[in-house]
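The values are calculated or read from the model by the stated rules, or taken from the named source; none is laboratory data. Just so it is clear, the structure is predicted and the values come from calculations on it, not from any experiment. When we count neighbours, we look across all protein chains shown, and the Cβ atoms used for this are built from the backbone with ideal geometry, even at glycine. Just so you know, the surface numbers come from the protein's heavy atoms only, side chains and all, with ligands and any DNA or RNA stripped out. Shrake-Rupley method; radii C 1.70, N 1.55, O 1.52, S 1.80 Å.
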Amino acid sequence: MTNIVNHWIGGRTAEGASGTYGPVTDPATGAVTTKVAFASVGEVDAAVAAAKEAYLTWGQSSLAQRTSILFRFRALLDAHRDEIAGLITAEHGKVHSDALGEVARGLEIVDLACGINVQLKGELSTEVATRVDVASIRQPLGVVAGITPFNFPAMVPLWMFPIAIACGNTFVLKPSEKDPSAAVRVAELLSEAGLPDGVFNVVHGDKVAVDRILEHPDVKAVSFVGSTPIARYIHTTASANGKRVQALGGAKNHMLVLPDADLDAAADAAVSAAYGSAGERCMAISAVVAVGAVGDELVDRIRERAEKIKIGPGDDPASEMGPLITRAHRDKVASYVEGAAAEGCEVVLDGTGLTVDGHEDGHWIGISLLDRVPTTAKAYQDEIFGPVLCVLRAETYEEGVALINASPFGNGTAIFTRDGGAARRFQLEAEAGMVGVNVPIPVPVGYHSFGGWKDSLFGDHHVYGNDGTHFYTRGKVVTTRWPDPADAPAGVDLGFPRNH
C-alpha cells in the first residue's frame, strides 16, 4: 500500500479531504513511493483559521516562552538531522551528505531565532520635548505563510518559520509537493518541543492551495523561494491582495576568473558550485567567465575534475551526485545540452547519455560542460537548474563585469583573483545581491540576509538575518507625555518637591 503524506493543521495530522493526490517519486529508481494529499480551498482555510486562533495567545506570549520552545526544537532537530536527511534523499535524490548540510544550514537560522530578543529590542529617546519620550517598537503581523521549493525541502522552510514564530506570528507552510515529508516531520518536532497547536501548520498542494494562500484575507505576509516567473506571479498576486511579500526568484550566477587566479582553486570551486546537488540550487555557479588567455587551461582543469565525479543513488555513500528530481526535469535539462552545438557552443562534456547500473529508470543525467558559449544561447540565457556549466570568454575585467551585469538575474556572483584591488572593484561594481571573493557560493551566514537583485528578488526584504526580523514584524512609534507629579492638582500632595 502506498504511503500517504497528509496535512498538519492545528497541531495534528489532518487527512486529505479533497480526494486529489500527487505522486512522490524516488528519483533514483523512478518509482512512485508515496502519495501526497492536495489541499482544497477549504483545507487551506482550516489551516489559516487554526493559525489565526493560535495567534490570539501566541502573539501575546513572552519572548522567553517563544525562545525556550525554539531552544527545545533546536535540540530535537539536531538529534533527528540524520533522519530528516534520509527523508530528503529518498524524495529529492540528493546525496546524504548534501542533505545533512541542508539541515545544518537550517539550524543556523534556528540559532538566530533562539536569540531573537536581541533583534526585537526597540529604541527610546527621552526628553524630545519637556517630559515627552518617543519609543519605537516592533510587533508581529499575525498569520504569515511560506511557499517553498523542492530543492531544499528542509532548509528553505527553516529560513522562514523560526524567525516568524519567534517574532510572535503564526505560520502556514506550503512545501513542494515533490518532496513533502521533511516538512511534516519538522512540524512533529515543533509539537514535541511544546509549540502550541496551530502556531505552525502544513498544507500540501498545487496552484489551488497557492492561490488561496495569496488571496486569503487573514494571511498578512507571504514568503516564497522558486523560479522567477512564479516569484513574479506570487509578488503581483499577493501584493494586489494587500500582503507583504518577499519572493526570491531564479538565478544565473557567474564566476569571473581573472588571469592571476589560482586556477586549481578556481577549477575546484567551479566544479563544486556547478555540480553540487546536481546543480539544483539557486546559488549554483552556472556560468564561468574566463578573462584573457586563462580560458583553455581553466576548462581543461574543470573537465579533468568533472569526469571523476561519482554519480549514483543518494543513499550510496560512494555517490557524490544524485539524480534529478523528476523525469520531466531531467529531460528539460538534457535539451539544453542537446541543442548547444547548434547554437554555437563547444560541447566539452555531454552527460545526457548517462545511466546507472541497477537503477536504469532513475532520473539520471551526467556532467555537462559547454565552452565558448555565446550569450545568445538558451543554455546561457535560461536558468537550467541542472549539472550544466557554461564557460564564456572575455578579454578584460571590464568586459567580464559588463557581461555579468547585462544578465537579467542578480542573485549571486563571485570573482577569483589574487588582486585585492580588482576584488574590491568587483564587490562594488557587480550588480548582484550576494558577492563572493574567492568563494564560489556566497550564501550568507544566518545573521546576515540572503537575497538577490533584479529578477532574482521581488519585494523589498531579503530572507533571514535582520531583513527576516523586519519582514515578519511591523514598526510602531509611541510618543508619551506624563504630567510631573509635582504639577498635581491643589489639595493632592504626592510628596514631590515643588522647587523645580
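Per-structure values
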| item | result |
| --- | --- |
| Residue check for R105: open to solvent by 60 Å² or more (accessible area, probe 1.4 Å), among the basic types (K, R) and in contact with a Gly (Cβ under 7 Å, 6 or more places away or on another chain) | no |
| Criterion violated by R185 - all others in (1) closer than 21 Å to A85 by Cα; (2) of a type in the set (K, R); (3) in contact with a Gly (Cβ under 7 Å, 6 or more places away or on another chain) satisfied | (3) |
| Complete set of residues in the stretch 21-37 that are over 30 Å from C167 (Cβ atoms), in contact (Cβ under 8 Å) with a residue 60 or more places away in the chain and either of a type in the set (A, V, I, L, M, F, W, C) or out of contact with any Leu (no Cβ under 9 Å at 6 or more places or on another chain) (or both) | G22, V24, T25, D26, A28, T29, G30, A31, T34 |
| Qualifying residue in the stretch 369-376 (condition: open to solvent by less than 50 Å² (accessible area, probe 1.4 Å), in contact with an Asp or Glu (Cβ under 6 Å, 6 or more places away or on another chain), within 19 Å of A273 (Cα to Cα) and not hydrophobic (A, V, I, L, M, F, W, C)) | yes |
| Residue list for the stretch 201-228, filter: small (G, A, S) and either free of Cβ contacts under 8 Å to residues at least 60 places away in the same chain or open to solvent by less than 10 Å² (accessible area, probe 1.4 Å) (or both) | G205, A209, A221, S223 |
| Given (1) under 17 Å from the mean Cα position of the chain (by Cα); (2) at pLDDT 95 or above; (3) open to solvent by 50 Å² or more (accessible area, probe 1.4 Å), number of the condition A432 does not satisfy | (3) |
| Criterion: in a helix (DSSP H, G or I) and within 30 Å of T355 (Cα to Cα) - qualifying residue of A64, A47, A85 | A85 |
| Exclusive hit being open to solvent by less than 70 Å² (accessible area, probe 1.4 Å) and part of a strand (DSSP E or B), set T34, T29 | T34 |
| Matching residues in the stretch 188-198 - criterion: being touching a Leu at 6+ places or on another chain (Cβ under 8 Å) and either open to solvent by less than 20 Å² (accessible area, probe 1.4 Å) or under 18 Å from V41 (Cα atoms) (or both) | L189, A193 |
| Which numbered condition D98 fails, given (1) open to solvent by less than 40 Å² (accessible area, probe 1.4 Å); (2) touching a Gly at 6+ places or on another chain (Cβ under 8 Å); (3) within 30 Å of L324 (Cα to Cα) | (1) |
| Criterion (open to solvent by 10 Å² or more (accessible area, probe 1.4 Å) and part of a helix (DSSP H, G or I)) met by exactly one of A270, A265, A231 | A265 |
| Single unsatisfied condition, T126 versus (1) open to solvent by less than 40 Å² (accessible area, probe 1.4 Å); (2) of a type outside the set (D, E, K, R); (3) not in a helix (DSSP H, G or I) | (1) |
| Residue ID - nearest to W8 (Cα to Cα), chosen from residues in the stretch 44-86 that are in contact with a strand residue (DSSP E or B) (Cβ under 9 Å, 6 or more places away or on another chain) and open to solvent by less than 20 Å² (accessible area, probe 1.4 Å) | A47 |
| Condition check for S286: closer than 20 Å to S407 by Cβ, among the polar types (S, T, N, Q) and outside any helix (DSSP H, G or I) | yes |
